[in-house]
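J.: Got a structure for you, written out below as structure tokens; questions coming shortly.
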Amino acid sequence: MKNSRAQFEKRFRQGGYRLTSSRRVILDILHSGAKPLSADDIYLAIRAKNKNVGLTTIYRAVNGLVKASLLRKIVTSADQFRYELVGERTCEHHHQLVCRKCDSLIEYKNFSAEEIQLIERIEKLVSDKHDFAIDDHQICFIGICKRCKK
């Protein structure tokens, strides 16, 4: 179930953050999109709407939204990130498969019972070893997609 824009704005303000016009536009773009976007993708989408916002402003706004727990930062390589709304697609847990050649991102969410047990076991082992209460995780597999392998 999708959260409304008003729900995201309310959560943001409740966290004590100011909802600037840049942050509002970013929320709109991610809310209407079907997949996680990089800061560059967000910048291009804003430019396509004839909005004049600098890339530095986008990075600042995105980082503020991550800090407010409205966006999830997905690490897709050593220096590449994509962002998705928390509570949108993330309400159904998923992992990512990222192609190193074409940079495509596939959301993987049809977990087998064996995969779920393995992840739960890893979480418990890490939690016990470090006395750390894990409440979420991200897994991103990086490789070569079927199309690029051909």
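The values are calculated or read from the model by the stated rules, or taken from the named source; none is laboratory data. Computed from a predicted model, the values in this text were never measured in an experiment. We place every Cβ from the backbone using ideal geometry, glycine too, and count neighbours over all the protein chains shown.
J.: Filter segment 60-78 for residues that are closer than 23 Å to Cys140 by Cα and more than 14 Å from the chain's Cα centre (by Cα) and give the result.
T.: Within segment 60-78, Ala78 is the sole residue that qualifies.
J.: Another one. Which pairs have Cβ atoms under 9 Å, sit 6 or more apart or on different chains, and link a residue in segment 106-125 that is more than 22 Å from Pro36 (Cβ to Cβ) to one that is not in a strand (DSSP E or B) and not aromatic (Phe, Trp, Tyr)?
T.: Ile122/His137; Glu123/Ile134; Glu123/His137; Lys124/Ile134
J.: Residue under question is Gln80, and the condition is that it be surrounded by 14 or more Cβ atoms within 10 Å (Cβ to Cβ) and either at positive phi or at pLDDT below 85 (or both); does it hold?
T.: Answer is yes for this residue.
J.: Right, something else. Are any of the residues in segment 39-47 within 24 Å of Asp135 (Cα to Cα) and under 13 Å from the mean Cα position of the chain (by Cα)?
T.: No, every residue in segment 39-47 fails to be within 24 Å of Asp135 (Cα to Cα) and under 13 Å from the mean Cα position of the chain (by Cα).
The rows are residues; the columns are (1) at pLDDT below 80; (2) in a helix (DSSP H, G or I); (3) more than 17 Å from Glu84 (Cβ to Cβ).
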site	(1), (2), (3)
Arg18	yes, no, yes
Ser22	no, yes, yes
Leu30	no, yes, no
Asp41	no, yes, no
Ile58	no, yes, no
Ala61	no, yes, no
Gly64	no, yes, no
